[in-house]
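Below: the structure, in structure tokens.
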Amino acid sequence: MQVDGREYRSIWLATDGLGVEIIDQTRLPFTFVVVRLDSLQQAMDAIRSMQVRGAPLIGATAAYGICLGLREGTRTAHLEDMAGQLISCRPTAINLRWAVERMLRVVLPVAEEMRLEAAYREAERICSEDVRTNEAIGEHGLVLIREIWRKKGGRDPVRILTHCNAGWLATVDWGTALAPVYKAARAGIPVHVWVDETRPRNQGASLTAWELAAADIPHHLIVDNAGGHLMQRGQVDLCLVGTDRTTASGDVCNKIGTYLKALAAADNGVPFYVALPGSTVDWSVTNGLAAIPIEERGAEEVLRIQGLDAGGEVRVVSIAPAVTPALNPAFDVTPAALVTGLVTERGICPASSEGLLGLYPEHR
Ligand code: MRU
């Protein structure tokens, strides 16, 4: 996507072909900073601190993390050790494990002196595939948005509510939930996005709003608790969110608060769709509530908030008494029964085993 007239992906290989460059997402929306990663440790720090975040981008960064780590040694034990360390950086997004395992499958059978080259090739392949996959999600989601627009009489904008950031910053490019929005805007279908601020890290306010503003797509930022009210008043035509892990039976694990939006959508007859690449499906799990590990992050993310002060300084301030403890589960699980459909790179399907297997028969 474009930033100030220049085409960017969210991660790319530096011009020397060794280092990896990322956009530091902890600095947005106030400052656009590119950071260079040169070691496995730096890649892991970037994932943990959420300089990079979003399931597909975490996977892509981990793939390059393997490349950076291989620069320090190419022995099998070292590779396996790196894989374990990377996978433990963030426990919920399955794309992290998917990407690391894919890298091992490609690199391990290769002679040690060829491993570095093979790894860079595979990491680049993961990134280019991600871009193609997300664009395909965009095309399928566009059909859905066009249909809603037609039913509305082809005049007023389609009003889409989204949670967290599942835009191009969360992937290598295009995004998952926002890919159909970008496609619709380019196809001339008027859209308006309700952007949940997404406490505690505010990915909606700082990243989704930034992306939409850069693409000139009409949107309003809303507090996390406003969605239900807007749905009751008939001001939401479609909820469209991403996912960090989808079970083989269609349960969806996404940013904390997604479940409440799905409940409100069901109560108000608003279609609730989830956009995902096939790599986000965990085929080994059917019961999301019981089996998906939910990342718990530091209490400081809840107790403090970052913003720009009137003098243009970025500051972090406390919002609760110093003695107050906080709990910070980062994701929740929306049961398949509350999901109208899954928008994938292979088409749209019901959130069910049969629906998913219909699109991914190789997992039967
Ligand atoms: O904690 P984050 O910012 O990594 O969480 C991201 C999300 O919840 C996204 O919705 C999800 O990863 C899908 S991204 C295409």
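Yes or no, residue by residue, for (1) in contact (Cβ under 8 Å) with a residue 12 or more places away in the chain; (2) touching a Phe, Trp or Tyr at 6+ places or on another chain (Cβ under 7 Å); (3) closer than 19 Å to Thr280 by Cα:
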site: Gly312; (1), (2), (3): no, no, no
site: Val316; (1), (2), (3): yes, no, no
site: Thr324; (1), (2), (3): yes, no, no
site: Leu327; (1), (2), (3): yes, no, no
site: Pro335; (1), (2), (3): yes, no, yes
site: Val339; (1), (2), (3): yes, yes, yes
site: Leu342; (1), (2), (3): yes, no, yes
site: Pro350; (1), (2), (3): yes, no, yes
site: Glu354; (1), (2), (3): no, no, yes
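Looking only at strands (runs of 3 or more DSSP E) that lie completely in the range 296-364, which have at least 2 residues being β-branched (Val, Ile, Thr), within 16 Å of the ligand (Cβ to nearest atom) and out of contact with any Asp or Glu (no Cβ under 9 Å at 6 or more places or on another chain)?
In the range 296-364, 341-344 are the strands (runs of 3 or more DSSP E) which contain 2 or more residues that are β-branched (Val, Ile, Thr), within 16 Å of the ligand (Cβ to nearest atom) and out of contact with any Asp or Glu (no Cβ under 9 Å at 6 or more places or on another chain).
Being of a type outside the set (A, V, I, L, M, F, W, C), out of contact with any Asp or Glu (no Cβ under 6 Å at 6 or more places or on another chain), within 16 Å of the ligand (Cβ to nearest atom) and over 14 Å from Val20 (Cβ atoms) is the requirement here; does Arg102 meet it?
It is false that Arg102 is of a type outside the set (A, V, I, L, M, F, W, C), out of contact with any Asp or Glu (no Cβ under 6 Å at 6 or more places or on another chain), within 16 Å of the ligand (Cβ to nearest atom) and over 14 Å from Val20 (Cβ atoms).
Sort out which residues of the range 26-76 are open to solvent by 20 Å² or more (accessible area, probe 1.4 Å), of a type in the set (A, V, I, L, M, F, W, C) and under 16 Å from Met103 (Cβ atoms), and write them in order of number.
Scanning the range 26-76 gives no hits.
Among Pro180, Pro200, which is surrounded by 24 or more Cβ atoms within 10 Å (Cβ to Cβ), farther than 14 Å from Gly54 by Cβ and either within 15 Å of the ligand (Cβ to nearest atom) or in contact (Cβ under 8 Å) with a residue 24 or more places away in the chain (or both)?
So the residue among Pro180, Pro200 that is surrounded by 24 or more Cβ atoms within 10 Å (Cβ to Cβ), farther than 14 Å from Gly54 by Cβ and either within 15 Å of the ligand (Cβ to nearest atom) or in contact (Cβ under 8 Å) with a residue 24 or more places away in the chain (or both) is Pro180.
Any chance the range 258-268 includes a residue that's of a type in the set (Asp, Glu), over 22 Å from Leu28 (Cβ atoms) and buried (at least 22 other Cβ atoms within 10 Å of the Cβ)? Explain how you work it out, then say what you get.
First, pick out the residues of the range 258-268 that are of a type in the set (Asp, Glu): 267.
Within this subset, residues satisfying the condition of being over 22 Å from Leu28 (Cβ atoms) are 267.
Right, trim to buried (at least 22 other Cβ atoms within 10 Å of the Cβ) and you get none.
No, every residue in the range 258-268 fails to be of a type in the set (Asp, Glu), over 22 Å from Leu28 (Cβ atoms) and buried (at least 22 other Cβ atoms within 10 Å of the Cβ).
Is it the case, given these coordinates, that Gly73 is in the same structural domain as Glu117 (by TED's automatic domain parsing), on the phi > 0 side of the Ramachandran plot and away from the ligand (no atom under 16 Å from the Cβ)?
Answer is yes for this residue.
On the basis of being closer than 28 Å to Arg155 by Cα, surrounded by 17 or more Cβ atoms within 10 Å (Cβ to Cβ) and in contact with a Phe, Trp or Tyr (Cβ under 9 Å, 6 or more places away or on another chain), does Val195 make the cut?
No: the conditions fail for Val195.
Within the range 6-115, which strands (runs of 3 or more DSSP E) (wholly inside it) include 1 or more residues that are among the aromatic types (Phe, Trp, Tyr) and within 19 Å of the chain's Cα centre (by Cα)?
11-13
The values are calculated or read from the model by the stated rules, or taken from the named source; none is laboratory data. All figures in this text were calculated on a predicted structure; none of them were measured in a lab. In this analysis, Cβ positions are derived from the backbone assuming ideal geometry, glycine residues included, and neighbour counts consider all displayed protein chains. Heads up: the accessible areas ignore ligands, DNA and RNA and are worked out on the full protein's heavy atoms, side chains in. Shrake-Rupley method; radii C 1.70, N 1.55, O 1.52, S 1.80 Å.
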